[in-house]
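Undergrad: I'd like to ask you about the structure that follows.
Quick note: the coordinates plus some simple rules give every number you see, no bench work behind them. Please read all numbers here as calculations on a predicted model, not as lab measurements. When we count neighbours, we look across all protein chains shown, and the Cβ atoms used for this are built from the backbone with ideal geometry, even at glycine.
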């Protein structure tokens, strides 16, 4: 079943207010591609102003806390993101799993907090190079899904992103066949976990998506869009990915 594609940009810890100038040409490309959704997730400091300047682009956060409020210095609640104009939030990105030792249970709690606040969580899963080389990629990703996906998630309230850790920012990408195999596994697991709703949850591919490989990757079965890192920082690189996806 063909789902409406989502092209999401994760700016990570990059960008000052000057970077928001990139939103105008991205918004123009999004307006010219009404068949898909476009999302930018800037650093927390830019979310509010980005939402004001979005002009048709969805804006999201890169993480949220599990709690509604409280003594959690340096953390951001999902409701705070919603309050300043965000509609999505990334949870469980591989860099958070690795650098911040986030567990599947914590990521599920963040996703549930996001849904409760009216945000759509993008739950990230993916294997390391060692796990893939050991033949454990499918087992690892299925386990992450089982532990991280909210049981009450629906096609309307949840997005999943597959990001092979070894391909993020390295310039390496799995073959189209590898991507198809993993996305099929994720689809089957989502149906197992969520029933019929699992058929409609969008599954994004994230791992060195660039203009020159976007067409091939976005044409793969069960790839319902992209989670783009470095190439989303400039309109010059991100717009061709939007255009390639819209042309499919």
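Undergrad: Let me check I have the definition right: for the stretch 1-99, take the eigenvalues of the Cα gyration tensor, multiply each by 5, take square roots. What are those semi-axes in whole Å, largest first?
TA: Semi-axes (√(5λ), whole Å): 24, 16, 13.
Undergrad: Identify which of 230, 177, 67 has the largest mean-square fluctuation in a Gaussian network model of the chain, with springs joining Cα atoms closer than 10 Å.
TA: Answer for the Gaussian network model of the chain: 177.
Undergrad: The stretch 20-36 to the stretch 96-114: how many Å between their Cα centroids?
TA: That distance is 30 Å.
Undergrad: With an 8 Å Cα cut-off and a minimum separation of 6 or more residues, compute the relative contact order for the stretch 152-221 in percent.
TA: For the stretch 152-221, the relative contact order is 49 percent.
Undergrad: Here's a follow-up. Once the convex hull of the alpha carbons of the chain is built, what does its volume come to per residue, in cubic angstrom?
TA: For the chain, the hull spanned by Cα atoms encloses 111 Å³ per residue.
Undergrad: Among 108, 17, what is the fewest-to-most ranking by other Cβ atoms within 10 Å?
TA: Listing 108, 17 from fewest to most nearby Cβ atoms yields 17, 108.
Undergrad: Now for a different question. Extension gain residue 16-residue 103, at 0.36 nm per residue separation less the Cα-Cα distance, in nm?
TA: Residue separation times 0.36 nm, minus the Cα-Cα distance, leaves 28.3 nm.
Undergrad: Among 38-46, 212-220, how do they line up by average Cβ neighbours within 10 Å per residue, starting with the highest?
TA: Going from most to least packed, we get 38-46, 212-220.
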